[in-house]
Structures are given as structure tokens and as C-alpha cells.
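Enquirer: To start, I am sharing the structure in question, which I have written as C-alpha cells.
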Amino acid sequence: LETWLNTASVEGFWARNAIQTTRSWIRDGLKERAITRDLKWGIPVPKEGYEDKVFYVWFDAPIGYISITAAFTEDWKSWWHNPEEVELYQFIGKDNIPFHTVIFPTTLLATQEPWTLLHHMSSSEYLNYEGGKFSKSKGLGVFGNDVQETGIPADVWRFYLFYNRPEKADVLFTWKDFQEKVNGELIGNLSNLVHRTLTFIDRFYGSTLPEGSIDHSLAREIIDRETEIENLLEHSELREALRRIFALSSVGNKAFQDGEPWKNRTENPQETAKLLKTLVYLIRDIGIMISPYMPKASNQLLSMLHHEDKTWKDLGSFSQIETIEKPTYLFTKLEDSLIETLRKTYAGTQESRKEENL
């Protein structure tokens, strides 16, 4: 196990807490650990005399990754018996680290078969709730059914959870911070760039991109920043990648403000045309990059540019957009009254909320 760890954690990209936890288990000596439970639910142990036992879920679940693949395709070994060509990425909470970096890999290593072993470990810290902890058992926090009831679009929640993903330290969810991030970044930054740029082109250029070249200096900065974002995603630094996307949006907003197209449209029409044309391609690229984070907003944005079919390979290309659709707002501002209502609504446990509604 230690020999494999020394290689895998260097060749792949392991979160710091995954390396620290795994090394502490090895340092202290691996202890015997029960892999069965006396429960009515679970996977039965296929051994005589163990009919009343089931496997402990986190011993069994990683093995399930393989069996689920095998149930899906007869070619499962091309994934799970192909360590030379396949890289295994896993995303877990920090409490499940040992099962994925000690117990499961050791189980595979012990078979002496050519298993595809862990390459990248993205193990997050905890997301806490309003000064306490999310708790499924106690019903504390905001869960999937609650999110649906709020009426706030799923993309807005996805944005916030990725923007605050606890990749290196615990993160606290508060309704106030949720409101500030949504109104400040999602609307004040990204949505603002999209709407102000496309509205200007729709109004003064008849929804047709001006002819001519692009702003090459701005284009170089865009491409450089997109390369940084791509590298972050390769390392599964999802939060930092999203924050860099919003930093890129800020670059676009600053360029629009500094370029003063409302004035220079008549005083310096050629430079204004170059700026606007470059910003449209920046918006297109942002639409592509936010797709895994906010798929609905991405599709809405790209549809305004008639580029719904564009993918990551199209980033950094400054051609093919000729006309745009009349722009629509991507998101709606979260008002103080709504946030205060939601904060009060989800202040107690799910059980206490049910009792109040009876």
C-alpha cells in the first residue's frame, strides 16, 4: 500500500487531506476492521454461517463501482483492468477518505490483478449551515426537497455550491452570503456583462456583429486565462476554476467600461466595433465554460448567440458569430424579503417545520 501511495499521490493529484489521512493510517499501523453489520438492509454476505450479516456500506460501495460498470457493459475490463490508459478520478467527503485510499486500494492490490487504481482524489472538507452542521439524521439544513420549494432555480444553487465548494477548508453556508454571492457575482458580474454587451449590439447594430477585426490584446488575455481555467479543471479544482471564470467576466466588464462604447460608437467606431466583437466571443466562451456548473444558464446564453452546439474545443476561436438574438436576463435578483423568509423557514429541523405546518 505504501509503495503504491508514494507513486499514485505524486503522479496523480491528491487533495492534501487525502494524503495526510492515508499516511496517518499507515504510520499508526493498519488495524483490523469489521466489514459486516447486523442490519436488515444492505448487501448480504455470500458465505455460509453469515446469512444474517450484510457488508458494511463503505467496504461494499467502492466494489460496487466496478460491479455497476460490469452491469452496464461487457467491456468493463477496458476501464477497470486498464491502468495504463485509464485515470480514475474520485470525488468524496473527507470522512470517506480511508475507504478510498486504504481499504479499497488494498483490496484490489491483494488480488494481484491489473486493476485500475485511484489516480486523482478530490476529497472536500465540510459545508456547514448557519453556525452549525448539516445533518440528515436531525434534518438540519437545506436539502433537495427544500431547494425545490424555494423556487430559486437549480443553476443558482449549483453556482453557489461550486463557488463555495469546501476544497481546502470547511465552509459555512449562510443565507446572507448566498444572497451576496448571487447578486454580486452571478448577476452583478456575469449577467451584467452578457446583458449590457448584447443589449448594446441589439440596439445600435441591429443584432448584427460589426465587421472588422477583434481586439487582439484583449483576445490574448482571454486565451491565457482560459488556459489557466482548463489546467485547474484538469486538477479537479472546481471552485477555483469557477472563480477564475468570474474573474474573466470581470475583465470583460472592465473592458466594456473602459471602452465607453456609448460615447466611442460615434467618436471612434472602429475601436468600439473591435471591443464589442471581442466581448461577444468572450461571452460565448464563458457560456461554454459554465456548462458543467450551470447547464440551463449556459444553454440560454449560447442560444442568444446561435452557438448551442459549441463545446470546450471551440474556446478561443474568434469567428462564426454573425448575429445575436434579443438578450434576456439569465438570473433574477434575490431580494431581502425573500432571503429573510427563507432564513426563518429553514431555521429549525425538518421535523419541527412539519409540525408547524400541521
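The values are calculated or read from the model by the stated rules, or taken from the named source; none is laboratory data. None of the values given here were measured: they were computed from a predicted structure. In this analysis, Cβ positions are derived from the backbone assuming ideal geometry, glycine residues included, and neighbour counts consider all displayed protein chains. Only protein heavy atoms, including side chains, enter the accessible area calculation; ligands, DNA and RNA are left aside. Shrake-Rupley method; radii C 1.70, N 1.55, O 1.52, S 1.80 Å.
Enquirer: Among ASP75, ASP146, ASP177, whose mean-square fluctuation peaks in a Gaussian network model of the chain (Cα, cutoff 10 Å)?
Expert: ASP75
Enquirer: Assuming R0 = 35 Å, can you tell me the calculated FRET efficiency for the pair GLU2 and ASN82, based on Cβ-Cβ distance, to the nearest 0.05?
Expert: Using R0 = 35 Å, I get an efficiency of 0.90.
Enquirer: For LYS296 paired with ARG37, estimate the spin-label separation in nm (one decimal), with each label point 7 Å from Cα along the Cα-to-Cβ line.
Expert: 3.4 nm
Enquirer: Between TYR65 and GLU11, what length comes free when the chain is fully extended (0.36 nm per residue of separation minus the Cα-Cα distance, one decimal in nm)?
Expert: Contour length minus the Cα-Cα distance gives 17.2 nm.
Enquirer: Which loop GluC sites (Glu not before Pro) in segment 259-315, with loop taken from DSSP, have no more than 13 other Cβ atoms within 10 angstrom of their Cβ?
Expert: GLU308
Enquirer: Amide H to amide H under 5 Å from LEU209: which residues, 5+ apart in sequence or cross-chain, H placed 1.01 Å off N in plane?
Expert: Here THR323, ILE324 satisfy the definition.
Enquirer: Enter the accessible area per residue of segment 299-348 (Å², integer; probe 1.4 Å; all protein chains in place).
Expert: 62 Å²
Enquirer: Taking square-rooted eigenvalues a ≥ b ≥ c of the alpha carbon gyration tensor, is segment 252-347 rounded, prolate or oblate, where a/c under 1.5 means rounded and, failing that, a/b exceeding b/c means prolate?
Expert: oblate
Enquirer: Rounded, prolate or oblate: which fits the chain, taking a ≥ b ≥ c as square roots of the Cα gyration tensor eigenvalues, rounded meaning a/c under 1.5, else prolate when a/b beats b/c?
Expert: In terms of gyration-tensor shape, prolate.
Enquirer: For segment 155-247, run through the trypsin sites (Lys or Arg not before Pro) and keep only the ones in DSSP coil with at most 15 other Cβ atoms within 10 Å of their Cβ.
Expert: Of the trypsin sites (Lys or Arg not before Pro), the ones in loops of segment 155-247 whose Cβ has at most 15 other Cβ atoms within 10 Å are LYS168.
Enquirer: Between SER207 and GLU228, what FRET efficiency comes out of the Förster formula 1/(1 + (r/R0)^6) with R0 = 25 Å and r the beta carbon distance, rounded to 0.05?
Expert: Here the calculated transfer efficiency is 0.20.
Enquirer: Please check which bits of segment 139-170 a label hung off THR332 would reach, taking the label as a point 7 Å along Cα-to-C-beta and the cut-off as backbone N under 11 Å.
Expert: Zone members listed by number: 151-153.
Enquirer: With θ taken as phi - 60° and the coefficients 6.51, -1.76 and 1.60, list the Karplus ³J(HN,Hα) couplings across segment 96-113 in order, rounded to whole Hz; mark glycine and proline as x.
Expert: Ordered by residue, 3J(HN,Hα) equals 9, 4, x, 5, 9, 10, 10, 5, 5, x, 5, 4, 5, 4, 5, 6, 6, 9 Hz.
Enquirer: Which one, LYS40, LYS254, LYS344, has the greatest fluctuation when you compute a Gaussian network model over the chain with C-alpha springs under 10 angstrom?
Expert: LYS40
Enquirer: May I have the count of lysine pairs in segment 230-345 with C-alpha atoms under 23 Å apart, counting pairs 8 or more residues apart or located on different chains?
Expert: For segment 230-345, qualifying lysine pairs total 19.
Enquirer: How much length would be gained if the chain were fully extended between ASN96 and LYS168, taking 0.36 nm per residue of separation minus their Cα-Cα distance, in nm to one decimal?
Expert: Working it through step by step, the gained length comes to 24.4 nm.
Enquirer: Hey, can you grab everything whose amide H is under 5 Å from the amide H of VAL171? Only 5+ residues off in sequence or another chain; H modelled, so Pro and N-termini drop out.
Expert: Here the answer is TYR126, LEU127, ASN128, since their amide H atoms fall under 5 Å of that of VAL171.
Enquirer: Highest mean first, how do 323-329, 92-98 rank when packing is the count of other Cβ atoms within 10 Å averaged over residues?
Expert: Answer by packing, highest mean first, reads 92-98, 323-329.
Enquirer: Any chance you could give the angle, 0 to 90 degrees and rounded to 10, that helix 16-27 forms with the longest Cα principal axis of the chain?
Expert: In the chain, helix 16-27 runs at an angle near 10 degrees to the longest axis.
Enquirer: Now for a separate question. Please compute the modelled spin-label separation between ASP146 and THR341, points set 7 Å along Cα→Cβ, answer in nm with one decimal.
Expert: 1.7 nm
Enquirer: Also, quick follow-up: How much net charge surrounds GLU228 when only the other residues with a Cβ under 12 Å from the Cβ of GLU228 are counted, with Lys and Arg +1 and Asp and Glu -1?
Expert: Cβ neighbours under 12 Å give a net charge of -4.
Enquirer: Still on this structure, please answer the following. Out of segment 78-141, which GluC sites (Glu not before Pro) are coil in DSSP terms and have no more than 14 other C-beta atoms within 10 Å?
Expert: Here the GluC sites (Glu not before Pro) that fit, given the DSSP loop and packing criteria, are GLU84, GLU85, GLU87.
Enquirer: Let me ask something else about it. Could you work out how much longer the chain between LYS138 and GLU74 gets when fully extended? Use 0.36 nm per residue separation minus the Cα distance between them, nm to one decimal.
Expert: 18.8 nm is the gain from fully extending LYS138 to GLU74.
Enquirer: Moving on to the next point. Using Cα pairs closer than 8 Å and at least 6 residues apart in sequence, work out the relative contact order for segment 222-320, in percent.
Expert: It rounds to 25 percent for segment 222-320.
Enquirer: List, in order, the whole-Hz ³J(HN,Hα) value for each residue of segment 177-193 obtained from phi through the Karplus relation with A = 6.51, B = -1.76, C = 1.60 and θ = phi - 60°; use x for Gly and Pro.
Expert: Karplus-based 3J(HN,Hα) across segment 177-193 equals 5, 4, 4, 5, 5, 5, 5, x, 8, 5, 9, x, 9, 5, 4, 5, 4 Hz.
Enquirer: Quick one: among ALA347, ALA15, ALA110, which has the greatest mean-square fluctuation in a GNM of the chain with alpha-carbon springs under 10 angstrom?
Expert: Sorting by GNM fluctuation, first place goes to ALA110.
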